[in-house]
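Visitor: Dropping the structure in here first, questions after.
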Amino acid sequence: MFIERRRDASLQSQDWIARQLGKVRAGLSEAEGLLDSSASPGAFSLADIALASAIGYVEFRLDADVGLGDYPLLDSFYRNMLSRPSLAGTCPPR
């Protein structure tokens with residue numbers, strides 16, 4: 001979508017963009033459904049890194065279209081992960 005939106009407005013496919021955003025939303029919904037809210041706060045695995053990275057990408061590139069407000073468990077998970085210096089230090093500058 002990032003590249004599609006860089007194209008001239010007359011050449012952009014709004015239907016294609018809507019389909020891709022639908023896929024992103026479906027993925028976030030699935031991740032939220034699989035996220036175990038009772039997980040130990042000290043637990044940290046490769047899965048946590050992968051999910052935090054994916055959420056970070058969505059927030060960085062698609063925040064105007066797909067906000068985390070509709071996914072409270074993912075939002076909480078992501079904010080918790082950002083409290084870790086190892087992840088906070090890799091966020092792109094704002």
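Visitor: Which residue pairs have Cβ atoms closer than 8 Å, lie 6 or more positions apart in sequence or on different chains, and pair a first residue in the stretch 80-94 that is under 12 Å from F44 (Cα atoms) with a second residue that is assigned to a loop (DSSP other than H, G, I, E, B) and open to solvent by less than 80 Å² (accessible area, probe 1.4 Å)?
Guide: As it stands, the answer is R84/F44, since those pairs meet every condition given.
Visitor: A further question follows. Name the pairs whose Cβ atoms lie under 6 Å apart, with the first residue in the stretch 47-70 and touching a residue at least 12 places away in the same chain (Cβ under 8 Å) and open to solvent by less than 30 Å² (accessible area, probe 1.4 Å), the second acidic (D, E) and assigned to a helix (DSSP H, G or I), and 6 or more positions between them or separate chains?
Guide: So the pair list comes out as L68/D75.
Visitor: Among the residues in the stretch 80-91, are any β-branched (V, I, T) and outside any helix (DSSP H, G or I)?
Guide: So far as the stretch 80-91 goes, yes, one or more of its residues are β-branched (V, I, T) and outside any helix (DSSP H, G or I).
Visitor: Suppose the filter is in contact with a helix residue (DSSP H, G or I) (Cβ under 9 Å, 6 or more places away or on another chain) and in a helix (DSSP H, G or I); does S53 pass it?
Guide: Taking the combined requirement at face value, the residue satisfies it.
Visitor: Okay, moving on. For the stretch 1-18, indicate whether the set of residues that are in a loop (DSSP other than H, G, I, E, B), under 25 Å from T90 (Cα atoms), in contact (Cβ under 8 Å) with a residue 24 or more places away in the chain and within 17 Å of the chain's Cα centre (by Cα) is non-empty.
Guide: yes
Visitor: When only residues in the stretch 57-90 that are hydroxyl-bearing (S, T, Y) and closer than 17 Å to L28 by Cβ count, which is farthest from the chain's Cα centre (by Cα)?
Guide: Selected residue: S76.
Visitor: From the list L62, L51, L35, pick out the single residue that is of a type in the set (A, V, I, L, M) and over 26 Å from E4 (Cβ atoms).
Guide: Criteria check complete, one pass: L35.
The values are calculated or read from the model by the stated rules, or taken from the named source; none is laboratory data. Bear in mind that the values here come from a model prediction, so they are computed numbers and not experimental data. Here Cβ is always computed from backbone atoms with ideal geometry, including for glycine, and neighbour counts include all displayed protein chains. Each accessible area value is taken on the protein alone, full model and side chains, heavy atoms only, with ligands, DNA and RNA left out. Shrake-Rupley method; radii C 1.70, N 1.55, O 1.52, S 1.80 Å.
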